[in-house]
Number of protein chains: 2
Amino acid sequence: MSTTPPDFDALLASTCQPFPASRKIYLEGSRPDLRVPLREVLLTNGERVSLYDCSGPYTDPAVRIDLQRGLPALRAPWIEERADTESYAGRIVQAADDGARRDASRLDPLHAAARKLQRQPRRAKAGGNVTQMHYARRGIVTPEMEFVALREQGRREWMAAYLGDAAREARLAGNPLGAQIPREITPEWVRQEVARGRAVIPANINHPELEPMAIGRNFLVKVNANIGNSAVSSGIAEEVEKLVWATRWGADTVMDLSTGKQIHTTRDWILRNSPVPIGTVPIYQALEKVGGIAEELNWEVFRDTLIEQAEQGVDYFTLHAGVRLPFVPMTARRRTGIVSRGGSILAKWCIAHHRENFLYEHFEEICDIMKAYDVAFSLGDGLRPGSLADANDEAQFAELRTLGELTQRAWQHDVQVMIEGPGHVPMHLVQANMGEQLRHCYEAPFYTLGPLLIDCSPGYDHIASAIGAAQIAWGGTAMLCYVTPKEHLGLPNREDVKQGLIAYKIAAHAADVAKGFPGARARDEAISQARFEFRWEDQFNLALDPDTARAFHDETLPKDSAKVAHFCSMCGPKFCSMKISQDVREYEAAQRGMAEKSAEFRRAGSEVYVPLVKA
Amino acid sequence: MSTTPPDFDALLASTCQPFPASRKIYLEGSRPDLRVPLREVLLTNGERVSLYDCSGPYTDPAVRIDLQRGLPALRAPWIEERADTESYAGRIVQAADDGARRDASRLDPLHAAARKLQRQPRRAKAGGNVTQMHYARRGIVTPEMEFVALREQGRREWMAAYLGDAAREARLAGNPLGAQIPREITPEWVRQEVARGRAVIPANINHPELEPMAIGRNFLVKVNANIGNSAVSSGIAEEVEKLVWATRWGADTVMDLSTGKQIHTTRDWILRNSPVPIGTVPIYQALEKVGGIAEELNWEVFRDTLIEQAEQGVDYFTLHAGVRLPFVPMTARRRTGIVSRGGSILAKWCIAHHRENFLYEHFEEICDIMKAYDVAFSLGDGLRPGSLADANDEAQFAELRTLGELTQRAWQHDVQVMIEGPGHVPMHLVQANMGEQLRHCYEAPFYTLGPLLIDCSPGYDHIASAIGAAQIAWGGTAMLCYVTPKEHLGLPNREDVKQGLIAYKIAAHAADVAKGFPGARARDEAISQARFEFRWEDQFNLALDPDTARAFHDETLPKDSAKVAHFCSMCGPKFCSMKISQDVREYEAAQRGMAEKSAEFRRAGSEVYVPLVKA
């Protein structure tokens, strides 16, 4: 453990640069404190393209970032105004929360600094319910819902200019496969989607720093990035940097899956500095509290952990409440048994005590905690397949049906729910997963890990799973949990996080285009137009990863002049197919001109000499 | 141009190592000179897993490689035996074939060495036809067909051990989407597929070095890698090394797309050293011969180029014979016009002369050349979309229908045909491409470039296109043309070639599994079993890229002891989900045991004391 805090400014220097040719702009909502961020790219032809942006204040040079103070609490006034919460002393943080012994010193600088970061927790007033779903069901459009509506809508003006051709739009019209995406995303429509459980806005009242976003099949497909230290690797500063880095490359939410020491303190740092919702798997910390021995877990330790994390501001909890005792033996003859960490902890507990999963048994009490803070359920698939051999088996689908049953119970409390999905699934069985989820879980947002289509691609599982992710997202999955190149092999570093995110942004975007999300294709139209016109700078700046696009181009043609050249390294200067296309246009225009002339000639009675003016 | 030949031994040192724990084995056919290579992986538990292998003699330490002599001509006796070809003087190689002026010296060492490599060309005896299709249609099973059958069949014994569970096989049964894949791949069945045009065996009689392979929807999905120098980059030695490197990482065929100088000599080096079929786009060289001016192309120059390349041994020609004059104006209002180089050259020629495409007009004469050497058509999609906006448009599908018409005409000559496909296509329009191709081209093998599902991922187009590739391959595409990370940005280097290939091997394998190709899933079962049993070495060695899998594992846990450890870096030593699964098995067995005991107890009449022995 370091004795001086890390140099956070240095840490963020390369992580917080605005993207090239880009600036942060804000869409103004119905009130001055409702400002929705967008990234605006200035093209060399004067056009302005604006893009969905989850990088938070980090890419806004106007905001002074101080990780030791945390981000501004933009939602604080909204929460305050609702006047249905109270500030309270909160649970007393214990050494054991960080996996330390009672006598361990808590005086190291990161812990001391974390104390400064800590907010006084809030909770619903006695008997109250502060979930977005609860407001939605009472007909209230919250600022969070309006924020989401503006964010999903984006700036449609520039998109319209690219999508104006009716014949083309008819040819390319998306196939939503059952999604019901409106042309205009309004706050009232967001409210309806949240009310019927088809969308989730993860937004703990103790995470006022977050910029609200929605997860639902009728919204843009979202991507989650997992970070977190483990017993063998990584420190707090590194995790905070990964958080910021992940949002830069498009993480819509981040899960902190820390399992080693300092779990509590790491989470303080992450939450106070996160513009995106944070999810956790509380059983990881609960297990640390009982010395890593699954059998020693109990409801009291678990409940204490839920409250601890809810007070810190965690926005959604992965809870493996569907790993029921009778399902556990169904996994015994699998190729790879139970591969979910949470699932196997609970399976171990169930069989050690020969008792029903305590999360399942205490589900009502969990709902009471969730609604006091607005923590959303992410009902975990503890029995997901870990190999193609185990895909779509009895254990997996028995658990999925239980998650559907729990969805109904959570909704009776107006608690928000997502459903987690697999895992390893061969391509031809992917859509059955989506179908079963829609059938049994009433369109609660599906949140899948991949799926990974083959087992033999370690080192490239981000690619093998992005293929499955694109397919299931087209089918209706609302959020994709990324997989990095290190999956099955090790813990992702900064570069792995980026590679995983880009692969998954590709999958998500491919699905948005396929579903026909309004305006989704405009970015592709803009970059293709830039390509056709040899506007290299614009091609780089509109790319998902401008840095890599530019670097790759420079490898072959490093000179600045090549960036305005009307050729590329593929064909070289002498011959260029794009250039020939310009000739084709002239030819077509000439042919059309001739045809028109000829028609005119015929109309004029085929007289060779047409009088210049009427006499 | 260098004055001494490159050190080829050094060049190949890192490219020819056998894969870890692997050795080359051969399946013996019906004759001693028919030996089909496989890569056998020796697992730490004593199992032997054998894999399809296109790396040729390069990964067989028993073969002495000398790039300056070329590979052994394994097909030479087969061709000889058929006694339907003749050796002849061949066309005289000219300086212009290499893009040099008449007075340029041809004495540089690579050219001189190439002379040694050159074989005396063969062709069909007057009026003859030496295509695999011609033999197939006459009921002849050639050694090439038998080779293909053994290769596709592989060693089924080890696969059967992994795929023995009937209930699991029923649950995971593939969905072939119209493919008709038999349980056993026999030489006679290969013959039938070739005879009806549903499979192609590219095998020019002047490329006797190649190990025959088949391309067809009822065979394993194949991957092509493009290499080739251009006006701005790359030399001969580098291209030869890329060829060997590409086959190492799974290129089933390689296209030499060179466009700069030394086209002819580069091709000599590539063909004589290639164990896989080589494709070209002859119009690139023809264009060089007329100084890069499309309008100056003519049938005579083109015909001369076809013969030149057929004599060298090129196995398939991409010919854009479907870019018909009336289709050219259809591209005028596209977002990105014509993006195929070959397509745009011919479009330019058509509009410059206001005449029909000379390839279309001379198609019969082209067939006569193809059948004299057994060069397969790869009918090019010169009007493929270069952006989502242009996908599935009038120009694209008009050309596709013409390719269907040309397929019928080629088949009248018993000439083998593949059909090339797009390009940039949004996910929801991918299957329409497959459907149109099947409808209009009579199941001639489809050979697609991607398709790429979005336009805004330069730097990662190998990923964005692998997604589309997996989908269209599942639908019936027989061969996938890879895309590298450099697509749209620059020329691929060695690492890009590998990245492109791995992404496409993933796509192809995912499709084989989805289609239910017999035994395809066995590799996944084997690696998953190794994962479950913590056999790390076996996991690495069964991976598509063993080197990267091992390196990634070592990044987090570099010690050798970690490779036999019963934990991984994701969970750490204290807690491991795989370990818990072992506990579940014991529990399930105990439960089952109890249930049996209980049933036995009831059967025995519920007596508490059962007599130990009958009295």
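Take residue B:7, push a point 7 Å out from Cα through the beta-carbon direction, and compare it with the same point in every other copy: 4.3 nm, smallest first. Residue A:60 contributes about 20 Å² of solvent-accessible surface, heavy atoms of the protein only, 1.4 Å probe. Over chain B, the fraction of Cα-Cα pairs per 10 Å bin, rounded to whole percents and listed from the shortest bin up, is 3, 16, 26, 25, 15, 7, 4, 2, 1, 1, 0, 0. In the assembly of identical copies, residue A:555 has its label point, taken 7 Å from Cα in the direction of the beta carbon, separated from the corresponding points by 1.7 nm (ascending, one decimal). Of all DSSP beta bridges confined to chain A, the antiparallel ones make up roughly 40%. Across the stretch B:451-569, the relative contact order, built from alpha-carbon pairs under 8 Å that are at least six residues apart, equals 19 percent. Within the stretch A:530-561, the residues that become at least 50 Å² less accessible when every protein chain is included than when their own chain is isolated (1.4 Å probe; DNA, RNA and ligands ignored) are A:531, A:552, A:556. Here's the list of lysines a cross-link from residue A:371 could span, going by alpha-carbon distance under 17 Å and ignoring same-chain residues fewer than 8 apart: A:125. Calculated [222 nm] ellipticity per residue, helices only, for the protein assembly as shown: -13000 deg cm²/dmol; basis is -39500 (n - 2.57) per DSSP H run with n ≥ 4, divided by all residues, nearest 500. Amide hydrogen proximity for residue A:318: with H placed 1.01 Å from N in the peptide plane, the residues at 5 or more positions away or on another chain lying under 5 Å are A:280, A:281, A:378.
Computed over protein heavy atoms with a 1.4 angstrom probe, the accessible surface ordering of A:140, A:502, largest first, is A:140, A:502. Using a probe of 1.4 Å, the accessible surface attributed to residue A:296 totals some 110 Å² when neighbouring protein chains are kept in position. Distance from the C-alpha centroid of the stretch A:185-260 to that of the stretch A:502-517: 18 Å, rounded to the whole angstrom.
Distance between the pseudo-spin-label points of residue B:186 and residue A:31 (7 Å out from Cα toward the beta carbon): 7.8 nm.
Show me the trypsin sites (Lys or Arg not before Pro) within the stretch B:175-248 that DSSP assigns to loop and that have at most 12 other Cβ atoms within 10 Å of their Cβ.
Numbers: sites: B:183, B:191, B:196, B:198, B:217, B:222, B:242, B:248; in loops: B:183, B:196, B:198, B:217.
Those satisfying the criteria are B:183.
Do the alpha carbons of any pairs in B:222/B:242; A:563/B:486; A:579/B:261 sit beyond 20 Å of each other, and which pairs?
Details: B:222/B:242 18 Å; A:563/B:486 16 Å; A:579/B:261 22 Å.
With Cα atoms farther than 20 Å apart: A:579/B:261.
Per residue, the accessible area of the stretch B:303-371 comes to 26 Å², computed with a 1.4 Å probe over protein heavy atoms only. Placing a label point 7 Å from Cα along the Cα-to-Cβ direction at residue B:368 gives distances to the equivalent points in the other copies of 9.3 nm, listed shortest first.
Quick one: compute the contact order of the stretch A:471-511, relative version, from alpha carbon pairs under 8 angstrom and 6+ residues apart, as a percent.
47 percent
Relative to one another, the C-alpha centroids of the stretch A:425-470 and the stretch A:117-149 are positioned 32 Å apart. Give me the percent relative contact order of chain B, please, defined on Cα pairs under 8 angstrom at least 6 residues apart. It comes to 14 percent, rounded to a whole number.
Counting protein heavy atoms only, the protein assembly as shown has 53 percent of its accessible area on carbon and sulfur, 1.4 angstrom probe. With one equal scatterer per alpha carbon and no solvent term, the Debye-computed log10 I(q)/I(0) for the stretch B:1-81 at 0.15, 0.18, 0.26, 0.27 1/Å reads -0.69, -0.89, -1.30, -1.34. Computed from the Cα positions only, the extents of the stretch B:228-357 along the three principal axes stand at 43, 32, 26 Å, in decreasing order. Taking all C-alpha pairs of the stretch B:368-488, those more than 21 Å from each other amount to 36 percent. Could you give the angle, 0 to 90 degrees to the nearest 10, between helix B:236-248's Cα long axis and the longest principal axis of the Cα atoms of chain B? Computed tilt is about 30 degrees.
Considering only DSSP beta bridges where both residues belong to the protein assembly as shown, give the percentage that are antiparallel (nearest 5). Write out the running numbers ahead of the final one.
Working: 36 of 88 bridges.
Here the share of antiparallel DSSP bridges comes out near 40 percent.
Enclosing the Cα atoms of the protein assembly as shown in their convex hull gives a volume equal to 216 cubic angstrom per residue.
Computed with a 1.4 angstrom probe on protein heavy atoms, the B-A interface buries about 10100 square angstrom of accessible area in total. Modelled this way, with points 7 Å down the Cα-to-C-beta line, the labels at residue B:161 and residue A:7 are 5.7 nm from one another. Farthest towards the positive end of the charge dipole of chain A, among the residues A:483, A:382, A:549, is the Cα of A:549, using unit charges on the Cβ of Lys, Arg, Asp and Glu.
Taken about its Cα centre, the protein assembly as shown carries a charge dipole of about 840 debye when Lys and Arg each add +1 at the Cβ and Asp and Glu each add -1 at the Cβ.
Which of the lysines could a cross-linker bridge to residue B:597, judged by Cα under 17 Å and excluding same-chain residues fewer than eight apart? Result set, ordered by chain and number: empty. Between the residues A:430, B:349, A:203, the greatest Cα displacement towards the positive end of the dipole of the protein assembly as shown, with unit charges on the Cβ of Lys, Arg, Asp and Glu, is found for A:430.
The values are calculated or read from the model by the stated rules, or taken from the named source; none is laboratory data. For clarity, every value in this text was computed on a predicted model and none was experimentally measured. All Cβ positions, even for glycine, are placed from backbone atoms using ideal geometry, and neighbour counts span all protein chains on display. For the accessible areas, the whole protein counts, side chains as well, though only heavy atoms, and no ligand, DNA or RNA atoms are used. Shrake-Rupley method; radii C 1.70, N 1.55, O 1.52, S 1.80 Å.
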